[in-house]
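Student: Below are the C-alpha cells for one structure; questions will follow.
The values are calculated or read from the model by the stated rules, or taken from the named source; none is laboratory data. Values in this document were obtained by computation on a predicted structure and should not be read as measured data. FYI the Cβ positions are ideal-geometry reconstructions off the backbone, even for glycines, and counts take in every protein chain you see.
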Amino acid sequence: VQLQASGGGLAQAGGSLSVSCVASGGTFSGWHMGWFRQAPGKEREFVAAITWSGGVTNFADSVKGRFTITRDNAKNMVSLQMHNLKAEDTAVYYCAFRPWNGRRWSDGSSYDYWGQGTLVTVSS
C-alpha cells in the first residue's frame with residue numbers, strides 16, 4: 001500500500017489551500033482516512049479524519065470551522081480543504097489510513113499507512 005500526498009504550498013494568513021492523498025496497492029473499503037501535521041520542533045498532531053462513508057468526520061479543536069475533509073472512494077482519495085489559514089497552521093501534513101479498529105481518531109499509532117507528507121507554509 002502506498003499513499004501519495006499532493007498539494008500544499010505557500011499561502012498568506014487568511015487564505016486557503018488544499019492537500020490531497022491518493023492510496024494505491026490495496027482495497028480500502030471501510031477504512032478511515034485522516035490527516036496529521038507536524039510543525040518544526042513540535043510533535044505530530046491530529047488534524048482531521050473521516051469514515052469510509054464520509055458520514056462522520058472529526059476535527060481538532062484548532063481547525064474546527066476552518067478546515068473540511070472529504071473523500072472520493074472511487075479514487076481512493078482524501079482531501080483536506082483549509083480556509084482562513086493562520087501562521088500556526090504551518091507544518092508538514094501527513095495523510096494516514098486505517099481499517100476500523102475502535103480506537104481514537106487522534107491516535108496516530110492506530111493508523112496503518114502513512115503518506116510522505118506535504119508542506120504547508122502560511123505567512124503572516
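Student: For residues that are over 17 Å from the mean Cα position of the chain (by Cα) and loosely packed, with under 13 Cβ neighbours inside 10 Å, scanning just region 11-25, find the one that is farthest from residue 86 (Cα to Cα).
Tutor: From region 11-25, those over 17 Å from the mean Cα position of the chain (by Cα) are 11-15, 25; that's our starting set.
Right, trim to loosely packed, with under 13 Cβ neighbours inside 10 Å and you get 12, 14, 25.
Working: 12: 8, 14: 6, 25: 35 Å.
In this case the residue turns out to be 25.
Student: Restricting attention to region 9-51, report how many residues are at pLDDT below 95 and of a type in the set (Asp, Glu).
Tutor: Looking only at that region, the number is 0.
Student: Which of the residues that make up region 80-97 are surrounded by 21 or more Cβ atoms within 10 Å (Cβ to Cβ), under 19 Å from residue 22 (Cα atoms) and of a type outside the set (A, V, I, L, M)?
Tutor: 93, 94, 95, 97 - these are the residues of region 80-97 that are surrounded by 21 or more Cβ atoms within 10 Å (Cβ to Cβ), under 19 Å from residue 22 (Cα atoms) and of a type outside the set (A, V, I, L, M).
Student: Here's another thing I want to ask about it. Quick one: residue 69 ticks every box in (1) within 18 Å of residue 119 (Cβ to Cβ); (2) free of Cβ contacts under 8 Å to residues at least 40 places away in the same chain; (3) in a strand (DSSP E or B) except a single one, so which number is it?
Tutor: In the conditions (1) within 18 Å of residue 119 (Cβ to Cβ); (2) free of Cβ contacts under 8 Å to residues at least 40 places away in the same chain; (3) in a strand (DSSP E or B), residue 69 misses (1) alone.
Student: Quick one: in region 98-124, of everything that is out of contact with any His (no Cβ under 7 Å at 6 or more places or on another chain) and in a strand (DSSP E or B), which residue is surrounded by the fewest Cβ atoms within 10 Å (Cβ to Cβ)? Please lay out each step first, then the result.
Tutor: Taking region 98-124 as the starting set, the residues that turn out to be out of contact with any His (no Cβ under 7 Å at 6 or more places or on another chain) are 99, 101-124.
Keeping just the survivors that are in a strand (DSSP E or B) gives 113-114, 118-123.
Numbers: 113: 17, 114: 18, 118: 22, 119: 14, 120: 22, 121: 15, 122: 19, 123: 11.
By that ranking, first place goes to 123.
Student: Restricted to region 1-33, and to residues that are touching a Phe, Trp or Tyr at 6+ places or on another chain (Cβ under 6 Å) and part of a loop (DSSP other than H, G, I, E, B), which residue is farthest from residue 104 (Cα to Cα)?
Tutor: Per the stated criteria, the residue is 1.
Student: Surrounded by fewer than 20 Cβ atoms within 10 Å (Cβ to Cβ) and out of contact with any Asp or Glu (no Cβ under 7 Å at 6 or more places or on another chain): is that true of residue 77 in this structure?
Tutor: Numbers: surrounded by fewer than 20 Cβ atoms within 10 Å (Cβ to Cβ): yes; out of contact with any Asp or Glu (no Cβ under 7 Å at 6 or more places or on another chain): yes.
Criteria met by residue 77.
Student: Only one of these conditions is not met by residue 97: (1) out of contact with any Asp or Glu (no Cβ under 8 Å at 6 or more places or on another chain); (2) farther than 21 Å from residue 121 by Cβ; (3) touching a residue at least 24 places away in the same chain (Cβ under 8 Å). Which number is it?
Tutor: Status for residue 97: all satisfied but (1).
Student: Which of (1) in contact with a Cys (Cβ under 9 Å, 6 or more places away or on another chain); (2) hydrophobic (A, V, I, L, M, F, W, C); (3) closer than 21 Å to residue 101 by Cα is the odd one out, the single condition residue 19 does not satisfy?
Tutor: All conditions are met except number (3).
Student: Restricting attention to region 34-64, which residues are in a loop (DSSP other than H, G, I, E, B) and closer than 20 Å to residue 121 by Cβ?
Tutor: Kept after step one, since they are in a loop (DSSP other than H, G, I, E, B), are these residues of region 34-64: 39-44, 51-56, 60-64.
Within region 34-64, 39, 40, 41, 42, 43, 44, 60, 62, 63 qualify.
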